[in-house]
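The values are calculated or read from the model by the stated rules, or taken from the named source; none is laboratory data. It should be emphasised that the depicted structure is a prediction, and the values quoted were computed from it without experimental measurement. For neighbour counting, all protein chains shown are included, and Cβ atoms are generated from backbone atoms with ideal geometry for every residue, glycine included. Protein only, heavy atoms only, side chains kept; ligands, DNA and RNA dropped before computing areas. Shrake-Rupley method; radii C 1.70, N 1.55, O 1.52, S 1.80 Å.
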Amino acid sequence: MSASEEAVPAQAPKSEEQPPSKEESQAAEPKKKTTEEQKPAEEAAVEVAESVEEAAAPPQPEVTYKSLVLSGHGGYDKVKLQNKKGTPKPKAGEVLIRVRACGLNFADLMARQGVYDRLPSLPVSLGMECSGIVEELGEGVTDRQVGDNVMVLNRFGLWQELVTVQTSHTFLMPAGMSFEEAAALLVNYITAYMILFDFGNLRPKQSVLIHMAAGGVGTAAVQLCKTVEDVTIFGTASSSKHEALKEHGVTYPIDYRTSDYVDELKKISPKGVDIVMDPLGGSDTCKAYNLLKPMGKLVIYGAANLLTGQKKNFVALAKTWWNQFSINALQIIPSNKAVCGFHLGHLDTETELITDVVVKLLDLYKQGRIKPKIDSIYPFEQVGDAMRQMQEKKNVGKVILMPEVPKEEAKKE
């Protein structure tokens with residue numbers, strides 16, 4: 001072998017690459033997750049995303065609503081504004097109402113002092129009447145719809161921003177009636193109507209004595225008397241209110257503070273009057289009875305003489321009790337007079353009776369023959385001022401409370 005033919009190491013021949021087996025391919029590929037195996041991971045991802053969104057979103061304010069609560073008996077400061085949590089849920093037969101306006105009544109003042117018997121144990125929200133908008137219906141409610149404007153009558157609990165009541169305690173507001181008027185109508189006008197027409201049987205050419213004629217019931221009674229032809233109206237009030245009383249239809253205003261209203265009335269009508277509406281009690285009830293003509297009717301519907309200050313006055317209580325009117329059957333038979341008592345708070349279960357009266361009143365309102373007179377409007381925050389306005393007898397018409405008073409709404413109308 002020559003040098004040029006030096007031996008070269010032998011190389012193994014190249015073999016063709018064989019494709020991997022099926023088993024090898026499956027082993028080499030990453031294992032795919034089944035649907036069941038994917039679920040926990042997906043749910044975890046969703047939870048993470050939601051937690052991120054919650055962390056990024058601003059916290060939602062807690063739902064609350066305003067409520068005026070009587071926390072104890074005494075002065076104006078015993079009714080306090082509270083913010084209650086959550087939203088009341090209407091039960092079967094009830095509706096949830098967002099309150100727009102509430103009426104203030106003498107019963108609320110007496111309740112604050114602890115001399116009103118139609119309340120549960122304290123603390124409790126006061127308020128016998130309000131108006132507002134239906135926001136939710138309870139099970140089985142078919143006679144009201146969400147969005148209805150309604151006025152409400154209840155034994156207590158209506159001085160709140162949200163209330164739930166039985167639909168039978170609600171009445172649809174007629175077109176054109178404001179929430180303030182609706183809150184001023186029920187208690188005062190039902191009281192005046194039932195006294196004058198159900199008990200009093202008021203007829204043309206008769207005469208009526210209305211005490212506190214410038215107050216809520218008084219103004220309602222004057223308007224209702226004007227729906228009957230030729231009725232003579234005597235109305236007691238301080239002299240500063242006499243011009244307003246004459247404008248509203250009182251025939252003879254009498255200043256009870258500077259003169260004896262019995263003497264003043266007898267100068268004009270020596271025989272007396274046919275009907276006396278008595279919200280005062282005590283010795284004034286005796287005077288009222290003696291002012292009645294034969295076949296006259298005395299209707300006692302209050303004891304305002306008990307309220308002589310912010311707090312309960314035990315001297316006034318004793319004096320009113322001692323001077324309270326009393327008569328027996330043998331005395332009343334030959335007198336040819338009638339003595340009646342009226343308390344709207346004790347008629348709260350007489351749904352049909354009250355509804356019939358409300359229907360008549362709303363007809364009179366639609367005809368333009370009655371219209372609630374609003375004295376003043378206060379926000380819930382000023383409930384003490386509202387009560388003072390009424391208790392000091394400064395009002396001419398109805399005192400109204402509102403959860404929120406519109407900026408354009410003046411306190412005095």
Probe 1.4 Å - accessible area at Asp363, Å² to nearest ten: 70 Å²
Descending semi-axes in Å of the stretch 82-157, equivalent ellipsoid built from Cα gyration tensor: 25, 14, 12
Label-to-label distance, nm, for residues given as Ser71 and Lys266 (7 Å Cα→Cβ offset): 5.1 nm
Pairs beyond 25 Å (Cα-Cα), from Lys287/Lys319; Lys85/Lys312; Lys371/Lys393; Lys66/Lys393; Lys266/Lys297; Lys337/Lys394: Lys85/Lys312; Lys66/Lys393; Lys337/Lys394
Area projected by the alpha carbon convex hull of the stretch 194-350, averaged over all directions, nm²: 10.4 nm²
Trypsin sites (Lys or Arg not before Pro) within the stretch 180-269: DSSP coil, no more than 16 neighbouring Cβ in 10 Å: Lys205, Lys226, Arg257
Asp198 accessible area, 1.4 Å probe, all protein chains in place, Å² to nearest 10: 80 Å²
GluC sites (Glu not before Pro) lying in DSSP loop within the stretch 228-327, provided at most 14 other Cβ fall within 10 Å: Glu229
GluC sites (Glu not before Pro) within the stretch 120-218: DSSP coil, no more than 11 neighbouring Cβ in 10 Å: Glu139
For Glu136, distant residues with modelled amide H under 5 Å away: Leu96
Accessible surface of Leu172 - all protein chains present, 1.4 Å probe, nearest 10 Å²: 80 Å²
For Met387, net neighbour charge (Lys/Arg +1, Asp/Glu -1) across residues whose Cβ lies under 14 Å away: +2
